[in-house]
């Protein structure tokens, strides 16, 4: 009994003289999964990303922070190193993160209400929740 393809079944595999053989990597890429919904994974990650809520400070804490900023301004020449913790609002959703910056204060801009550090970080005064440093050791209990 002869089958339909007996005449070609044992012939060598055809190799094109015009087109080079595809690499195994490129051949495998044909069967790789693809994202049918572009941007869906990014949207899921963004939704899952956690943000913190801004803490509202009481008047007592605001006064302490104001006094600490005044002390830093009075002692610019000493260039004391301070650690400032502040709230950084999220650009894409409600909330944000609490960030800690360590360094020397270059300038306190009362008009724009920002603290400028020597490393270029600009911190909005309204977002500051804590200031620490050796400059405050004898004045405030930290």
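Residue 133 fulfils the conditions (1) over 30 Å from residue 44 (Cβ atoms); (2) in contact (Cβ under 8 Å) with a residue 12 or more places away in the chain; (3) in contact with a helix residue (DSSP H, G or I) (Cβ under 7 Å, 6 or more places away or on another chain) except for a single criterion, (3).
Within region 114-140, restricting attention to residues that are in a loop (DSSP other than H, G, I, E, B) and closer than 15 Å to residue 68 by Cα, the residue that is modelled with the highest pLDDT is 137. Of the helices (runs of 4 or more DSSP H) entirely within region 1-103, those holding at least 3 residues that are at pLDDT 80 or above and exposed (fewer than 10 other Cβ atoms within 10 Å of the Cβ) occupy 24-29.
Of all the residues in region 85-115, those that are over 14 Å from the mean Cα position of the chain (by Cα) and within 12 Å of residue 126 (Cα to Cα) number 7.
The values are calculated or read from the model by the stated rules, or taken from the named source; none is laboratory data. Quantities reported herein were computed from a predicted structural model and do not represent experimental measurements. Neighbour counts are summed over all protein chains in view; Cβ atoms, including those assigned to glycine, are modelled from backbone coordinates with ideal geometry.
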